[in-house]
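Heads up: the structure comes next, in structure tokens.
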Amino acid sequence: MSTLLEEIQAYQKQFRQKAPEEKQRLMAQATAELAASDGAKGLTVGDEAPRFTLPNASGQSMSLEDLLQNGPVIVTFYRGGWCPYCNLELRAYQRELGKIEANGATLVAISPETPDHSLSTQEKNDLAFQVLSDVENVVARQFDLVFDMPDYLIDVYKASGLDVAGHNGNEDWQLPKPATFIIQPSGKISFADVPDDYTKRTDPSAVIKLL
């Protein structure tokens, strides 16, 4: 079975072959500008995790406080079900879900999408873990992950038929960085990975080793 990294590399190869050069250039430019900016650096190891309560894909409220009663919680923020890298990551976590639960941990995935779109993402990827809706990026902002998409990148997305704002139920075109955290029952963050490049993802196997 291929790893998440191998799957991402295969997708990137396909993208480079098919996507117009100008589109690739603008997307790379946006990633470089985000890396150079001072914002959205993310919480880090030793920080206290914000206590949040969010609706899952069925509209039921899930609280971090309750989840921590059962052991460590892996929280992975993803951009949305429209993002191919996010779908690869979510499916990779689904493959490893048995090992995560065997280690006494709970996995939740969070995006700014509305619950309806979260449900679509959950069903499309056949996910058996909680997919939570952080509309308006309230929780992602508490984790210091939120950035504004530049206008030229919004134009690229719109030209590709991607209505990110529609998925999120607003018009702000803000996204969280695709970050992964392990939160211990004490509420402290024991692992944090906050990549500037949205094509870079934490392999679930690395997270499992840290549990």
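None of the figures in this text is laboratory data; all of them are computed from the coordinates on show. Everything numeric in this text was worked out from a predicted model, so none of it was measured. Using ideal geometry, Cβ is built from the backbone for each residue, glycine included, and neighbour counts are taken over all protein chains shown.
Here are the numbers for the structure shown:
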item	result
Of Q184, Q60, Q122, the one that fluctuates the most in a GNM where the chain has Cα springs shorter than 10 Å	Q60
Pair A35, D47: separation of 7 Å Cα→Cβ label points (nm)	2.1
Selected from V108, V45, V135 as most flexible by GNM, with the chain as the system and alpha-carbon contacts under 10 Å	V45
Efficiency of FRET between Q17 and D155 - r from beta-carbon atoms, R0 30 angstrom, step 0.05	0.85
Given the chain, longest segment not containing exposed loop trypsin sites (Lys or Arg not before Pro) (DSSP; at most 16 other Cβ within 10 Å)	52-199
Residue-span extension gain [L5 to Q60] - 0.36 nm each, minus C-alpha spacing	16.5 nm
Length gained when the stretch Q24-R91 is fully extended (0.36 nm per residue, less Cα-Cα span)	21.6 nm
Neighbour-count order for L90, L26, L64, fewest beta carbons within 10 angstrom listed first	L26, L64, L90
Ascending count of other beta-carbon atoms within 10 Å, so fewest first, for T76, T53	T53, T76
Of M149, S63, V73, farthest towards positive along the dipole that unit charges on Lys, Arg, Asp, Glu beta carbons give the chain	V73
Calculated volume of the Cα convex hull per residue in Å³ (choose from (i) 142; (ii) 122; (iii) 114), label	(iii)
Antiparallel DSSP beta bridges within the chain, as percent of all bridges there, nearest 5	65
Computed magnitude of the charge dipole of the range 96-211 (debye, nearest 20; Cβ of K, R +1, Cβ of D, E -1)	580
Helix-only mean residue ellipticity at 222 nm for the chain, each DSSP H run of n ≥ 4 adding -39500 (n - 2.57), per residue, nearest 500	-12000 deg cm²/dmol
Ranking of D134, D47 by count of other Cβ atoms within 10 Å, fewest first	D47, D134
Cα-centred dipole magnitude for the chain, charges only on beta-carbon of K, R (+1) and D, E (-1), debye, nearest 20	640
Spin-label pair E136/E101, simplified geometry with 7 Å Cα→Cβ offset, distance in nm	3.4
Candidates S61, S160, S186, ranked by Gaussian network fluctuation over the chain, Cα under 10 Å, top entry	S160
